[in-house]
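These notes concern the structure reproduced below.
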Amino acid sequence: MLSQLTNKNILSTMNKLTVFIKKNLSNILVLAIGVTLLTSSEAKAFLQQGLLKIGLFEPNLKKEIIKKENPNNYNFEMKDLNGNTIFLSDLKGKVVFLNFWATWCPPCIAEMPSIQLLHDKFKNDDEVIILTLEVDGKQDKIQKFINRKKLTVPVYMPNSSIPLELFDGTLPTTIIFDKQGNVAHTTLGMADYSGQDIVDFLNEVKAMH
């Protein structure tokens, strides 16, 4: 008898729960989406990618070169995933698009496909280099991210301290250097680099020297 009452109570509770879920399904879904967005970098990045695609985050490209008195002071060492090292000064003579990012940063993840597209457009241009610097330098995480996103844009890690004049901790940060090592452009925050405007700007900087 006690067992029958217990089973009835369980069935009654399950029925009430089913009715509650059906009545509140839309609210439950909204809550689930909200929790996911709050806890998942990939989910946040997916939402931000949608904002990029509708043109809300175009880079504010300036048409003048920002001259630095001593561009060599902004030199630092980077290491790729194979252990090869280069200094930023080694790239002098080329236009350099350098993006600072991290694998856990949603806006960084969101803009990465557009940087990959930009890299594809200039991959055969010896005078323009598109590269990224993952600031945390955790190689296993970087490699998993690259494999998952199928990226071919060069990814480096810092192998020395980064001058604060270049990177103050804001993620993402993107800097474009001219062939002489001067800063031609800086973007703090997320932007879409898949458009023709950034291609034209890089070509304009390339033609200056």
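The values are calculated or read from the model by the stated rules, or taken from the named source; none is laboratory data. Please read these numbers as outputs of a predicted model, since none were measured by experiment. Neighbour counts run over all protein chains shown; Cβ positions are idealised from the backbone, glycine included. For accessibility, only protein heavy atoms count, side chains too; no ligands or nucleic acids. Shrake-Rupley method; radii C 1.70, N 1.55, O 1.52, S 1.80 Å.
Residue pairs whose Cβ atoms lie under 6 Å apart, sitting 6 or more positions apart in sequence or on different chains, and linking a residue in region 184-208 that is in contact (Cβ under 8 Å) with a residue 60 or more places away in the chain and under 19 Å from Q116 (Cβ atoms) to a partner that is polar (S, T, N, Q) and surrounded by fewer than 23 Cβ atoms within 10 Å (Cβ to Cβ), are T187/T174; D192/S114; Y193/S114; S194/S114.
Scan I28, I109 and give me the residue that is at pLDDT below 90 and either touching a Lys or Arg at 6+ places or on another chain (Cβ under 6 Å) or not in a strand (DSSP E or B) (or both).
On the way: I109 fails: at pLDDT below 90.
Exactly one of I28, I109 is at pLDDT below 90 and either touching a Lys or Arg at 6+ places or on another chain (Cβ under 6 Å) or not in a strand (DSSP E or B) (or both), namely I28.
Would you check if A102 is surrounded by 13 or more Cβ atoms within 10 Å (Cβ to Cβ), over 16 Å from F201 (Cβ atoms), small (G, A, S) and modelled with pLDDT of 95 or more? Criteria met by A102. From the list K206, K144, K123, K149, the lone residue that is open to solvent by 30 Å² or more (accessible area, probe 1.4 Å) and in contact with a helix residue (DSSP H, G or I) (Cβ under 9 Å, 6 or more places away or on another chain) is K149.
Hey, any hits in region 87-95 for a residue that's open to solvent by less than 80 Å² (accessible area, probe 1.4 Å), within 21 Å of the chain's Cα centre (by Cα) and either modelled with pLDDT of 95 or more or not charged (D, E, K, R) (or both)? Spell out the reasoning first.
Keep residues of region 87-95 that are open to solvent by less than 80 Å² (accessible area, probe 1.4 Å), which gives 88-89, 91, 93-95.
Narrowing the set further to residues that are within 21 Å of the chain's Cα centre (by Cα) leaves 88, 95.
When the remaining residues are screened for being either modelled with pLDDT of 95 or more or not charged (D, E, K, R) (or both), the result is 88, 95.
Scanning region 87-95, I find at least one residue that is open to solvent by less than 80 Å² (accessible area, probe 1.4 Å), within 21 Å of the chain's Cα centre (by Cα) and either modelled with pLDDT of 95 or more or not charged (D, E, K, R) (or both), so the answer is yes.
Screening N84 on (1) surrounded by fewer than 18 Cβ atoms within 10 Å (Cβ to Cβ); (2) farther than 24 Å from D197 by Cα; (3) modelled with pLDDT under 95 shows it passes everything except condition (3).
List the strands (runs of 3 or more DSSP E) inside region 123-209, counting only whole elements, that have at least 1 residues being at pLDDT 95 or above and of a type in the set (D, E, K, R).
128-134
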